1. Looking only at region 123-138, decide whether some residue is modelled with pLDDT of 95 or more, closer than 30 Å to residue 95 by Cβ, assigned by TED's automatic domain parsing to the domain that holds residue 273 and outside any helix (DSSP H, G or I).
2. Can you find a residue in region 8-21 that is in the same structural domain as residue 280 (by TED's automatic domain parsing), outside any loop (DSSP other than H, G, I, E, B) and modelled with pLDDT of 95 or more?
3. Any idea how many residues of region 337-348 are in a helix (DSSP H, G or I) and either surrounded by 13 or more Cβ atoms within 10 Å (Cβ to Cβ) or in contact with a strand residue (DSSP E or B) (Cβ under 6 Å, 6 or more places away or on another chain) (or both)?
4. How many of the residues in region 89-122 are part of a helix (DSSP H, G or I) and within 20 Å of the chain's Cα centre (by Cα)?
5. Looking only at region 144-182, which residues are under 23 Å from residue 232 (Cβ atoms), assigned to a strand (DSSP E or B) and free of Cβ contacts under 8 Å to residues at least 24 places away in the same chain?
6. Do we find that residue 354 is out of contact with any strand residue (DSSP E or B) (no Cβ under 7 Å at 6 or more places or on another chain), surrounded by 16 or more Cβ atoms within 10 Å (Cβ to Cβ), at pLDDT 95 or above and more than 20 Å from residue 25 (Cα to Cα) in this structure?
7. Since residue 275 meets every condition but one in (1) at pLDDT below 95; (2) buried (at least 21 other Cβ atoms within 10 Å of the Cβ), which condition does it not meet?
8. So for region 27-36 (the condition being assigned to a helix (DSSP H, G or I), at negative phi and surrounded by 20 or more Cβ atoms within 10 Å (Cβ to Cβ)), does at least one residue qualify?
């Protein structure tokens, strides 16, 4: 259910990227509006939830009687498959072109894939060691923010891939901009793996522990953020407008995610997880359908949203501007796009339109046990 909620919210951000008429960044404290900022902010929960629960899923997969070697093989092959999808099918959905000279972007599917590859080695360690590794990567990676890729000369690409993010050239003629570097995302997956052990507890006990853990992480976020001592490269500031002070406080670094960003998102997510750890109602079952087929929905919704953007822009302006066929800049081209209420309406329509297909595919996965289905 939580994964379904995250994937549905993620599509809101993607509709905004293609079709919002706002010509300012939602996280520009000086220029953004509160509704625009909150539209972006609420989607910050998506990537941490995906990566964390991917780790939890790996742990639960192991509890079904699979050996460490089998778990490692599955994580390695599925991880490489996800990286391949990011650079081919998902890239096509974003760009609507196959001109690789124009670049590619390593986003959430990219980092889930590479994190799975890393986890394929970590799964041979005790669960406590995997969890500790994840916590260390999350807690201390900001200590290396001042280390730039240029320090490593010919190996600058490795630092960008691992920590700093930025452009790398895996082979001649193709540049990948790493928006989601491996660290700390592999740490998030590793802690999610350790969290899987908690889910083996009886219902009442696991709900209390999950809620308590979420509250602790959330309070830690507020404590660290208030002091401006550590955890995010950009300190918050007091502004003349209280609304902009509020935005500054919650405006945290996502690329790569700071410690405070992860505390702010994973803490409330765990509280929510404890709340929905019960039989699902009608809306809960609606979300569960998407949560059972997240990769299927992710790929499908990008093609649909991009096609809708092309169709709407052409219907209104009788043209298809170049920005529709390159990676979205975070908003529609100047002079195009729609207000936030229209963006929300389009998002809601896309979610409803894709529900029947997701329900069908969830049924296929439930009825069949083909190995290939575990990769989708």
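1. For region 123-138, residues modelled with pLDDT of 95 or more, closer than 30 Å to residue 95 by Cβ, assigned by TED's automatic domain parsing to the domain that holds residue 273 and outside any helix (DSSP H, G or I): absent.
2. no
3. Of the residues in region 337-348, 8 are in a helix (DSSP H, G or I) and either surrounded by 13 or more Cβ atoms within 10 Å (Cβ to Cβ) or in contact with a strand residue (DSSP E or B) (Cβ under 6 Å, 6 or more places away or on another chain) (or both).
4. Within region 89-122, residues that are part of a helix (DSSP H, G or I) and within 20 Å of the chain's Cα centre (by Cα) number 19.
5. Result: 166, single match.
6. Yes: the conditions hold for residue 354.
7. It fails just one condition, (2).
8. Scanning region 27-36, I find at least one residue that is assigned to a helix (DSSP H, G or I), at negative phi and surrounded by 20 or more Cβ atoms within 10 Å (Cβ to Cβ), so the answer is yes.
The values are calculated or read from the model by the stated rules, or taken from the named source; none is laboratory data. All figures in this text were calculated on a predicted structure; none of them were measured in a lab. In this analysis, Cβ positions are derived from the backbone assuming ideal geometry, glycine residues included, and neighbour counts consider all displayed protein chains.
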